[in-house]
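Participant: Quick one: structure below, then a few questions.
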Amino acid sequence: MNDYEAWRALSHERLRHGHQLSSTLSARLKEAASCTFDAYREAQAVISRCRSLLEEIFAHFDVLLTPSVPDEAPAGLANTGDSTFIRIWTAFHTPTVNLPVFWGAKNLPMGLQVIGPIGDDSRTLACAEWIYRALTAADDA
């Protein structure tokens, strides 16, 4: 669903400046081009049903925590890394905050993603700040 929306939203860039897009984005857009509008609408319906289930989850938890990405950040500025863990929350319209609080084997940051209830950005930000301070307090000492 995200890739289909990106394929449409980036039409100008894709058609006029496609050679300047990253290989990762180009591959995602090429695959998205084969998605039909009906398949996109079906995906939207599934996301909508899943989104409604989040209310029950957030009735018991202030926020959810997941890794931001499957591994540490890539070296350099050419790529931000695998967005698989982030894209589902974008589709759900939940507020998320990614915190660089861990370090991988190559001494590059590994993010922690703080996900909050739909429409409750302030709680998500407050929890993210508390989590960040708790996890980096030893660094400040």
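Participant: Nearest 10 degrees is fine. How inclined is helix 37-58 to the longest principal axis of the chain, computing both from alpha carbons?
Facilitator: 10
Participant: Another question, if that's okay. Take the alpha carbon atoms of region 91-141, find their center, do the same for region 4-18, and report the distance between the two centers in whole angstrom.
Facilitator: Centre-to-centre (Cα) distance: 31 Å.
Participant: How tilted is helix 121-140 with respect to the longest principal axis of the chain? Cα atoms for both, answer in degrees (0 to 90, nearest 10).
Facilitator: Compared with the principal axis, the helix lies near 60 degrees.
Bear in mind that the values in this text are calculations on the coordinates, not laboratory data. The structure presented is a predicted model; accordingly, all values stated were derived computationally and were not measured.
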